[in-house]
Amino acid sequence: MRSFKYINPSSIQELETALGNGKSQVIAGGTDLLGLVKDNVLPSDLQFDTIVSLKNIPDLSYIKEEDGALKVGAATKLSEIANHDLVKEKYTALAEAAGKVASPHLRNMGTIGGNICQVNRCWYFRGIDNYFDCIRKGGNICYAMTGDNRFHSIYGATSGCLAVNPSDTAPALVALSASIVTNKRTIPADDFFAYNGVKSTILDDNEVVTEIQIPSPAIGEKSSFVKLAIRKSIDFPIVNCASCVTIADGIITAARICLNAVFNNPYRATSAEDAIIGNTLDDSIAATAGEAAVENTVPLPNGKNGYKKAIASALVKQSLLACK
Amino acid sequence: MTRELNVIGKSLPIRTADAKVKGQQAYISDTYDKTSNTLIAKTLKSPYAHAKIKRIDTSAAEALPGVAAVISYKDMPQLMPNRYRCAIDNFEGPGLSDHQKFVGDLVAAVAATSEEIALKALDLIEVEYEELDFVLDEKEATEPGAPVIREWGATNNWHDYEKAPGAFDVFVHEEGWGEPEQAFAGADVVLEGKFTKQPIWIGDLEPLTAIAWWQGDKLTIKLNHQCPHEIKESLAIGMGIKMNQVRVIIPEVIGGTFGITNSASRFEVIPSLLSRKAGGYPVKYKMTREEMILHKHRDGNTQFWKMAANYDGTLVAVDEEHYINNGGWGFKGHPYGHWYYSYYQVPNLHGIYFGTNTNKVSTGCHRGVGALATNFGGEQMIDMLAGTIGMDPIEFRKKNCTRVQEMEGMPYGLNPNGIWSEDFDRMLDAGAERIGWAEKFVGYGKPYYEDGPRKRGVGCSIMAYLSGVPTVPISAIVEIERDGTAKVIEGQTDLGTSSKTTMAMIAAEALGFKAEDVRVCQEVDTDGCSWAPMTGSSMTGQKMGATVKLAALDARNKLLNIAAGVMEVSAEDLEIVDSIVVEKNNPANTIPVHDLIHQQLLTVIGTADYHHVPFPPLHLQTGACFADVEVNTDTGEVKVLDIVLCHDSGQPLNKAVLENQVFGGLHMGFGHCLMESSLYDPITGRILNPNMIDHKLPTTLDIPHKADNIYLSENLDTDHAFGAKSCGEGPAISPSASIANAVHNAIGVRIFDEGLSPDKILKALGKV
């Protein structure tokens, strides 16, 4: 493994200073970052030489309800969120999503902040020793366009890149109308994930997530999360989906549906939301929503990712019915 | 046959289990003594799927301070390509070559005082390649104009290679009997099917690690390997020295290798050559996870089947054509298909098998070898055929399976004594009852239960597999210690199957000793033990078991002769029970073995070598597997609700080990069927998933919650290892076809391409 400088600040101010140069990277649980370093994924001009730890910064790990919102510290372990009674009861999609990330060991290490900041997933991008100099790393082509793209985007490519956002918690946060608090500002989850061909999020170089906020559920609001992966014990999703539905007098009055692992960013299925508002939540309307959700997909014509469309449609349906 | 057994058949704890479970067991891959002069080896890999090295310059790397040796193909012993081999023809190339056959193939190796320096030195090696066309598909590799990958033959077919001068005697297969063409023409039903099996990294978890050093003209190598004695031979040939100048040490415990170290390979050649060039200093070569995955695979396979039956349910003819993907350096010329048709009576057969080389990762031995691929296609064909003539799959199998009384003079199988008449009936009945076949099989392609998109079905398959190979050099020694305990010395690697504990049980049973009075030397040191064959081919329990038993009986006879003199009775009138010599007709007349040997100032050594071991015919291990699955037709997910594996391995030796083996095989077959696959980029030819996230080995949380093994141990008509057949490989063979047949019965469409992932299911259902 390459050697790097390791800084262990004890306050946000110290952290900001440490992140001053553009070649530094924040580490929390390290479950995504260390893989990138060990596998020597990045070309030398993109490699970071400094790792800045959140470990000694106080008050970044907590789960509390305050001012009409759930507040979760960015360094809170995923396993704590998954097992927290209040989260399970009122913010179900988040608990279910956190409980389905990777494996028990990784959930004990990985944090919610890290899970939403993880680097997009693509086996070309992640080829050991920077084998594929893909467009994401400054090369000319996206190898997945003509190669094996069975796990790649079905909603097109930002900046010519087909890598998907693989986070399980990200769609749950979008569906739950969460806000991401950083050392600089508060960002709606809808805007936080903004892949630009290099970075997965809107965060500046010296910006770090400090807290997640989710408004307390309205009366009649329920949420759910479903994930499809080949392996149940430790796997990234082929597709996942979170839904949050409010039902009043048997009628859907509000809905937020978010798919992930289908695009560079979590994909908010607004046409599916529109299709169900004003209706009764049943098998038929859930299926209609599933179909609406995948209307805009553009699987590669001669590619291998077409099947993800059927799965995305089915998961929208499943996650909606789980909100009944 | 019943016999009184005191030790055999019990579930005894494995000697090394305590330390393993507590995390105290040291593995060779964990150990590194920084105070020693051990050098670290690292390898340079080919960036191209297929290339020739036009020029290689290692001088800058050699000049780097801290670098002790650099080797390339130029340092390979001249003898190697034609002579370097294992006793079982598991040849895998000369170690380093100027011909790069896949991305990750080895170009050069460096030994340096630290890993950092070794890696830096690799960057300093200058290589000029000539890039060549590459081919990944095993069938395309045989077509005219395909790139020539095996330089010592005219094409990529072993068939042609066999005719090439200086060739190996690797068998190529075209065989058959009866009149297949006529039989197909006259049959009521003829079906054809093409099946494929993906290549798979077999999941050997402990990093392959070898430490080699030279003292004068003697090479010592310590490594995790399945064939200590065979590599002693091959290293001696390769290094140009005698076999008694090579010492191979296998630590007392190694990680499971499942066949992958069942051959001579670059793994032991590289550190041996580096150490010699570095003046004898120890060189440690430890592979990373990616290097493990690039080292060796289970082969991919394409099969074309044609089968015919009559409406009365008689199987009348089989035609099979197999293409075996050996990757760059693999060697298999045969899918072991004859084990497949050994479990059916096939009066007319034609089979042809092409062992091809491609630009994928090399393949080699692995649990069940080609039988997994053959079973996946063949047992689905059997279901298709039975379905077409309208016969229950169990009835069709019972009607056509091999029965010993009908085999005499017939060509089926390896050996007409291999399968007993009722074997498959018993297993099919037991499995059917346990899975609830009578209620759940409601017709081919028909689910027995539906809930929206969720549909359920059951399926079955049978298998038979070898129990060891017929002829191998083998030996064992049993020494009675001065305190009356026994020490067994046998030279097979214990690769996680607890064979050393099993051998102690066999020796204790044969000697008449208490189990705790017998120990086996756990570490293998070829300077300290006699020749033994590799741990593989499902022969450890059966073949080494028989040999240890004979050595123990030899020691027992010597003990009884000594006791006869002391006790003043004839040796025939004595027996040993619980480590005490007893006069059979006068149980009061006893002498503990401890007292006997201690008083007499004697040594007692029992031996057995090949000439003493009258190996009986091969009795095949047999099995049947039943699966109950649920398929979600919206998402393509397959969930195995219940799976039952019936296995007949004869007399269990250590019952706990048998259960572990059978369940482990089930686990492996399950993973092959539903999750695992090595995938390659079509543009560059590079493997895409050489890591344990993207190469999806099932974990304990993935395998079915409901899974059972049923053990049948009838027909113990040989006594050479107390009636044991084998259990190492067979259990991995049949789960995949059973699950595939069950999926077909649930959703009415069949998946011909193994790896039943959602994309394939959805495509078969017309949803993509």
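Summary table
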{"quantity": "Only listed residue being touching a helix residue (DSSP H, G or I) at 6+ places or on another chain (Cβ under 6 Å) and not in a loop (DSSP other than H, G, I, E, B), chosen from B:ILE211, B:ILE293, B:ILE237, B:ILE249", "calculated": "B:ILE237"}
{"quantity": "Every pair of residues 6+ apart whose Cβ atoms lie under 7 Å, when the first sits in the range B:757-768 and is facing another protein chain (nearest Cβ under 7 Å) and over 13 Å from B:CYS673 (Cα atoms) while the second is assigned to a helix (DSSP H, G or I) and of a type outside the set (Val, Ile, Thr)", "calculated": "B:ASP759/A:TYR307; B:LEU762/A:TYR307; B:LEU762/A:ALA310; B:LYS763/A:TYR307; B:LYS767/A:ALA310; B:VAL768/A:TYR307; B:VAL768/A:ALA310; B:VAL768/B:LEU762"}
{"quantity": "Residues of the range A:304-314 classified as in contact with a strand residue (DSSP E or B) (Cβ under 8 Å, 6 or more places away or on another chain) and within 7 Å of another protein chain (Cβ to nearest Cβ), total", "calculated": "2"}
{"quantity": "Any hit, the range A:149-168, residues being of a type in the set (Asp, Glu), closer than 25 Å to A:LYS38 by Cα and more than 13 Å from every other protein chain (Cβ to nearest Cβ)", "calculated": "yes"}
{"quantity": "Per-region count, the range B:690-717, residues closer than 30 Å to B:GLY104 by Cα and either at pLDDT below 80 or of a type outside the set (Asp, Glu) (or both)", "calculated": "9"}
{"quantity": "Unmet criterion (only one of (1) surrounded by fewer than 24 Cβ atoms within 10 Å (Cβ to Cβ); (2) away from chain B (no Cβ under 14 Å); (3) under 16 Å from the mean Cα position of the chain (by Cα)) for A:THR186", "calculated": "(3)"}
{"quantity": "Only one of B:GLU729, B:GLU676 that is away from chain A (no Cβ under 14 Å), touching a residue at least 12 places away in the same chain (Cβ under 8 Å), acidic (Asp, Glu) and surrounded by 24 or more Cβ atoms within 10 Å (Cβ to Cβ)", "calculated": "B:GLU729"}
{"quantity": "Residues located in the range B:198-209, provided they are over 17 Å from the mean Cα position of the chain (by Cα) and crowded, with 24+ Cβ neighbours inside 10 Å", "calculated": "B:THR209"}
{"quantity": "Single unsatisfied condition, B:THR526 versus (1) surrounded by fewer than 20 Cβ atoms within 10 Å (Cβ to Cβ); (2) touching a helix residue (DSSP H, G or I) at 6+ places or on another chain (Cβ under 6 Å); (3) within 30 Å of B:HIS366 (Cα to Cα); (4) modelled with pLDDT of 95 or more", "calculated": "(1)"}
{"quantity": "Where B:GLY368 falls short, out of the listed (1) touching an Asp or Glu at 6+ places or on another chain (Cβ under 9 Å); (2) farther than 22 Å from B:HIS672 by Cβ; (3) in a loop (DSSP other than H, G, I, E, B)", "calculated": "(2)"}
{"quantity": "In the range A:1-47, the residues that are under 26 Å from B:GLU115 (Cβ atoms), without any contact (Cβ under 8 Å) to a residue 12 or more places away in the chain and among the polar types (S, T, N, Q)", "calculated": "A:SER3, A:SER44"}
{"quantity": "Residues within the range B:447-471 that are surrounded by fewer than 20 Cβ atoms within 10 Å (Cβ to Cβ) and either part of a loop (DSSP other than H, G, I, E, B) or within 14 Å of chain A (Cβ to nearest Cβ) (or both), tallied", "calculated": "8"}
{"quantity": "All positions within the range B:112-121 that are touching a residue at least 24 places away in the same chain (Cβ under 8 Å) and surrounded by fewer than 19 Cβ atoms within 10 Å (Cβ to Cβ)", "calculated": "B:THR113, B:SER114, B:GLU115, B:LEU119, B:LYS120"}
{"quantity": "Any hit, the range B:624-647, residues being in a loop (DSSP other than H, G, I, E, B), out of contact with any strand residue (DSSP E or B) (no Cβ under 7 Å at 6 or more places or on another chain) and within 11 Å of chain A (Cβ to nearest Cβ)", "calculated": "yes"}
{"quantity": "All positions within the range A:288-303 that are within 9 Å of chain B (Cβ to nearest Cβ) and at pLDDT 95 or above", "calculated": "A:GLY290"}
{"quantity": "Boolean, A:LYS64 is at pLDDT 95 or above and crowded, with 21+ Cβ neighbours inside 10 Å", "calculated": "no"}
{"quantity": "Any chance A:PRO237 is closer than 30 Å to B:LEU679 by Cβ, more than 14 Å from chain B (Cβ to nearest Cβ) and within 20 Å of the chain's Cα centre (by Cα)", "calculated": "no"}
{"quantity": "Residue ID - farthest from the other protein chains (Cβ to nearest Cβ), chosen from residues in the range A:132-148 that are crowded, with 20+ Cβ neighbours inside 10 Å and not hydrophobic (A, V, I, L, M, F, W, C)", "calculated": "A:ARG136"}
{"quantity": "Residue ID - nearest to the other protein chains (Cβ to nearest Cβ), chosen from residues in the range B:686-700 that are within 14 Å of A:TYR124 (Cα to Cα) and touching a Ser or Thr at 6+ places or on another chain (Cβ under 7 Å)", "calculated": "B:ASN689"}
{"quantity": "Residue list for the range B:745-754, filter: under 29 Å from the mean Cα position of the chain (by Cα) and crowded, with 23+ Cβ neighbours inside 10 Å", "calculated": "B:GLU754"}
{"quantity": "A:ALA218, sole failed condition from (1) part of a strand (DSSP E or B); (2) more than 12 Å from chain B (Cβ to nearest Cβ)", "calculated": "(1)"}
{"quantity": "Subset of the range B:624-682 (residues that are among the hydroxyl-bearing types (Ser, Thr, Tyr) and closer than 25 Å to B:ARG454 by Cα)", "calculated": "B:THR633, B:THR635"}
{"quantity": "Selection count, the range A:274-287, where residues are away from every other protein chain (no Cβ under 14 Å) and under 10 Å from A:LEU320 (Cβ atoms)", "calculated": "3"}
{"quantity": "From A:ALA97, A:ALA93, A:ALA82, A:ALA69, residue being in contact (Cβ under 8 Å) with a residue 60 or more places away in the chain, more than 22 Å from B:PRO698 (Cα to Cα) and touching a helix residue (DSSP H, G or I) at 6+ places or on another chain (Cβ under 6 Å)", "calculated": "A:ALA93"}
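Rundown of residues vs (1) among the aliphatic types (A, V, I, L, M); (2) under 30 Å from B:VAL640 (Cα atoms); (3) surrounded by fewer than 24 Cβ atoms within 10 Å (Cβ to Cβ), yes/no style:
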site	(1), (2), (3)
A:LYS227	no, yes, no
A:SER233	no, yes, yes
A:ASN240	no, yes, no
A:THR246	no, no, yes
A:ILE251	yes, no, yes
A:TYR267	no, no, no
A:THR270	no, no, yes
A:ASP274	no, no, yes
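One line per residue, one yes/no per condition, for (1) among the aliphatic types (A, V, I, L, M); (2) in contact with a Lys or Arg (Cβ under 8 Å, 6 or more places away or on another chain); (3) at pLDDT 90 or above; (4) part of a loop (DSSP other than H, G, I, E, B):
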site: B:LYS543; (1), (2), (3), (4): no, no, no, no
site: B:LEU553; (1), (2), (3), (4): yes, no, yes, no
site: B:ALA564; (1), (2), (3), (4): yes, no, yes, no
site: B:GLU572; (1), (2), (3), (4): no, no, yes, no
site: B:VAL582; (1), (2), (3), (4): yes, no, yes, no
site: B:ILE591; (1), (2), (3), (4): yes, no, yes, no
site: B:HIS594; (1), (2), (3), (4): no, no, yes, no
site: B:HIS598; (1), (2), (3), (4): no, yes, no, no
site: B:PRO616; (1), (2), (3), (4): no, no, no, yes
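The values are calculated or read from the model by the stated rules, or taken from the named source; none is laboratory data. Note that the coordinates shown come from a computational prediction; the quantities given were computed from them, not determined experimentally. No Cβ is skipped: glycine too gets one built from the backbone with ideal geometry, and neighbour counts run over all protein chains shown.
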